[in-house]
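The values are calculated or read from the model by the stated rules, or taken from the named source; none is laboratory data. Owing to the predicted nature of the structure, the values given are computational and were not obtained by experimental measurement. Neighbour counts are summed over all protein chains in view; Cβ atoms, including those assigned to glycine, are modelled from backbone coordinates with ideal geometry.
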């Protein structure tokens, strides 16, 4: 099928595409939450946080590449790009929440208060959103460094990942040889 912009789609097809994306995002969030909350984080070994962060980074890149490929092959690339953001950004947040939780379990003095799964996710989201309420703060240099890395990567995710998905959407829309340049 020829790739289409959402605005060019029939209302029924548009509704199905958007609903399908919403269901995919919801399922991804449920799976991420289940894995995150069920994942045992009981190790007191400080290297555990690094190992989890490395595995999470690899997983993030693989999921991002898969999502870009889905956008490129989609007949509704704009909807797939939004779906991709709805999957990769929560994954990014869960990777950092897992890292912070692992750090807190390894040493209770890492943050201003003990972290559980919910507090670690909350802290990660406040850093990502630049709200930073200050109720949870990093207390060690290592924690401050990891939080600083997250802040820098937040900018990369918001800038580069969004740009990659926009370019993939445009490339997918441009692959139709029958579309005139005024319709692109």
Based on what the data block shows, is residue 38 surrounded by 13 or more Cβ atoms within 10 Å (Cβ to Cβ) and under 30 Å from residue 142 (Cα atoms)? no
Which ones in the stretch 112-126 are surrounded by fewer than 21 Cβ atoms within 10 Å (Cβ to Cβ) and without any contact (Cβ under 8 Å) to a residue 40 or more places away in the chain? 112, 113, 114, 116, 118, 119, 122, 125, 126
Single residue of 172, 148, 109, 102 found to be in a helix (DSSP H, G or I) and exposed (fewer than 13 other Cβ atoms within 10 Å of the Cβ): 148
Has the stretch 153-166 got any residue that is touching a helix residue (DSSP H, G or I) at 6+ places or on another chain (Cβ under 8 Å), more than 23 Å from residue 56 (Cα to Cα) and surrounded by 13 or more Cβ atoms within 10 Å (Cβ to Cβ)? yes
Among the residues listed as 57, 34, 104, 49, the single one being in contact with a strand residue (DSSP E or B) (Cβ under 7 Å, 6 or more places away or on another chain) and either without any contact (Cβ under 8 Å) to a residue 24 or more places away in the chain or at negative phi (or both): 104
Taking the stretch 69-90 and keeping residues part of a helix (DSSP H, G or I), in contact (Cβ under 8 Å) with a residue 12 or more places away in the chain and surrounded by fewer than 21 Cβ atoms within 10 Å (Cβ to Cβ) leaves 70, 72, 73, 82, 85, 86, 89, 90
Determine if the stretch 8-22 includes at least one residue that is surrounded by 15 or more Cβ atoms within 10 Å (Cβ to Cβ), under 14 Å from the mean Cα position of the chain (by Cα), at negative phi and part of a helix (DSSP H, G or I). no
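Residue by residue, here is whether (1) modelled with pLDDT of 95 or more; (2) over 26 Å from residue 65 (Cβ atoms); (3) touching a helix residue (DSSP H, G or I) at 6+ places or on another chain (Cβ under 6 Å) holds:
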position: 90; (1), (2), (3): yes, no, yes
position: 124; (1), (2), (3): yes, no, yes
position: 134; (1), (2), (3): no, yes, no
position: 144; (1), (2), (3): yes, yes, no
Which one of 32, 85, 59, 65 is farther than 21 Å from residue 102 by Cα and touching a helix residue (DSSP H, G or I) at 6+ places or on another chain (Cβ under 8 Å)? 85
